[in-house]
Amino acid sequence: MSQPEDVDVPLAKDDEANLRPAWWRGVATVATLVVFVLLNFLAWQWLHSPIGQEILTATRDYGAVALFLVMLLANATIIVQIPWPAIAIPLAEHSPNLPLLLTMGALGSVLGESVAFAFGRLGRGIINDTSFYRWVQRQLSHPLRSALLLFFLSAVPNPLFDVAGLTAGAAGLPYWLFFLTVFAGRVVRLWATITFVDFARG
């Protein structure tokens, strides 16, 4: 009786990622951060140029809509880096209604993050089984802890919120809870970013 031949099974994308060296994720994170900082620097310089200031002044009544779109795109995708801080601050400087600007920016942000929530709800297998994922999953099993965790992660700038959004969707967390806590966190983050930069500039 002939022995079956060995067959090479192609690796899934997640398996290929796990075979990369341990330093690979760190290098990728640093590279992403450098690109994000560079884009913010360029956007800041352009928006504070004479042409940028003229555009901001002429469109000041539409700043809330502009920030809504910027935050929607910035949070709906991780492929394209959107320098939202460098855009949000000049818009706030020219805005005739700062509370409306913050509300619209936070609304665009939470709707963008809802993409990760929807992917988590539709396909649990796309989430890598990491220690952070398992920790987030445990916290999301309790309503109060899940609300506090999502609020904290959304209020503090960090690259890990996509994991929390995916996990929240996969764990079956009610969307209204996700929406309200992330919305509140993003209002705080926008306000804190604008206030900190304004204070630092004197």
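Just so it is clear, none of the values below were taken in a lab; they were calculated from the coordinates. Given the structure is predicted, the values throughout are model-derived calculations rather than measurements. Neighbour counts are summed over all protein chains in view; Cβ atoms, including those assigned to glycine, are modelled from backbone coordinates with ideal geometry.
Rank by packing, highest mean first: peptides 39-52, 141-154, with packing defined as the count of other Cβ atoms within 10 Å averaged across residues.
On the way: 39-52: 13.9, 141-154: 16.7.
Order by mean packing, descending: 141-154, 39-52.
Could you calculate the FRET efficiency of Leu144 with Asp198 from 1/(1 + (r/R0)^6), where r is the beta carbon distance between them and R0 is 30 Å, rounded to 0.05? The partial results should precede the final answer.
On the way: r = 34 Å, r/R0 = 1.12.
Using R0 = 30 Å, I get an efficiency of 0.35.
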Using Cβ counts within 10 Å as a stand-in for footprinting exposure, how do Thr59, Thr181, Thr167 rank, fewest first?
Thr59, Thr181, Thr167
Between Thr29 and Tyr62, what FRET efficiency follows from the Cβ-Cβ distance if R0 is 25 Å, with the result rounded to 0.05?
0.10
